[in-house]
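The values are calculated or read from the model by the stated rules, or taken from the named source; none is laboratory data. Quantities reported herein were computed from a predicted structural model and do not represent experimental measurements. Don't worry about glycine lacking a Cβ; one is built from the backbone with ideal geometry, like all the others, and counts go over all protein chains shown.
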């Protein structure tokens, strides 16, 4: 406690202390009232939301800063090709056991902290699969005489599998509900990753070396955070034999959606060109980042849902669905209003993206399918998750193919919006119908 000042200064100090206490108590009272109104643990949500959104806000600032540099220093063809590399890498990454994080969140929330080390080792061993695939793609482009893409996919082979395995530290922090630590570590991880990319953009102005910065510094940041987290928390040795099989199930469920998940970028790149892909990417950039700040709710929900019965989770979702629509609709309206100003100021070379980004903001409603997905994962609805893992990408593929054929890039935008709304009743039907 600091030494108390004297005289007039003491009175000012006391006054400020009382004001601070009053404000804190007032905020707590408001949170408590909201909790009673919504019948939810608002203290938990407020804590997680603050730290989760602080992290996403930091990420969004870094992403916007990087994008401004992309728009200034890379041509549309270079930036479009860079996004193409990221899309192929996204497909390859589905072979890195991407579902393991959800299984680890569930295990750690139940006290099985030893799953952190065990699953990371398991993922590193199986990292040989994406490494071989990436090398195969690199060899293909070498045969085609495209040295730039050859080098780009060598970076993917070298760094992507390790980055995805070490990223499991995020799942541990979520399972422990250590939102503050997760946010601070997220800040540091993002800074390392984006600083590397920014340096490569500024000094090389080549998408090949930007790709190197993306994958190498992404791996480095996750390695540093993983080691720091082990040192800070010292996880216990308790393990759950169900975690790796369940994480493998969740990862296998992602495989059918691998290509459909990146199909929008692949279609634009191959049929319209890299410059068009650059315009499309800038159109989706801000909505995707803002969607991330909304999807913190899914991350918060998974540990809570894992502690509840299926009937409780189902009733909760049904009761809160209306409020989710209202809140997300308000956020969408604000974005549509301000998007033109943002593009005119930060991305004047991409004004053609404005109408696309305004419509694409309806993708904010993907939060709702994300919440239902968390409910299904928390209740180990394995059969339903497998069926949805085929049904969801099948719907996406059909919509993208048909609507792009008739409406070009506009068709791709609308296909993803329609898919999000279609999945809400379909997922709810699975949650309601299948018994554990």
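Is one or more of the residues making up region 231-244 within 19 Å of the chain's Cα centre (by Cα), in a helix (DSSP H, G or I) and surrounded by fewer than 19 Cβ atoms within 10 Å (Cβ to Cβ)?
Checked region 231-244: no residue is within 19 Å of the chain's Cα centre (by Cα), in a helix (DSSP H, G or I) and surrounded by fewer than 19 Cβ atoms within 10 Å (Cβ to Cβ).
Might you check whether a residue that is touching a residue at least 60 places away in the same chain (Cβ under 8 Å) and in contact with a helix residue (DSSP H, G or I) (Cβ under 8 Å, 6 or more places away or on another chain) occurs anywhere in region 120-128?
Yes - at least one qualifying residue is present in region 120-128.
Among the residues of region 152-162 satisfying the criterion of being touching a residue at least 60 places away in the same chain (Cβ under 8 Å) and surrounded by fewer than 24 Cβ atoms within 10 Å (Cβ to Cβ), which is nearest to residue 123 (Cα to Cα)?
So the residue we want is 162.
When you scan region 270-284, how many residues do you find that are surrounded by fewer than 20 Cβ atoms within 10 Å (Cβ to Cβ) and in contact (Cβ under 8 Å) with a residue 12 or more places away in the chain?
Residues in region 270-284 being surrounded by fewer than 20 Cβ atoms within 10 Å (Cβ to Cβ) and in contact (Cβ under 8 Å) with a residue 12 or more places away in the chain: 5 in total.
Could you identify the single residue in 210, 181 that is at pLDDT 95 or above and in contact with a helix residue (DSSP H, G or I) (Cβ under 8 Å, 6 or more places away or on another chain)?
210
Filter region 359-396 for residues that are over 17 Å from residue 314 (Cβ atoms), free of Cβ contacts under 8 Å to residues at least 60 places away in the same chain and surrounded by fewer than 20 Cβ atoms within 10 Å (Cβ to Cβ) and give the result.
Matches in region 359-396: 359, 387, 391, 395.
Quick one: which helices (runs of 4 or more DSSP H) lie wholly within region 79-152 and hold at least 1 residues that are more than 30 Å from residue 178 (Cβ to Cβ)? Full working, then the answer.
Values: elements: 100-109, 115-125, 128-143.
Correct list: 128-143.
Conditions first: (1) touching a helix residue (DSSP H, G or I) at 6+ places or on another chain (Cβ under 7 Å); (2) at pLDDT below 90. Residue 319 passes all but one, so which condition is the exception?
(1) is the only condition that residue 319 fails.
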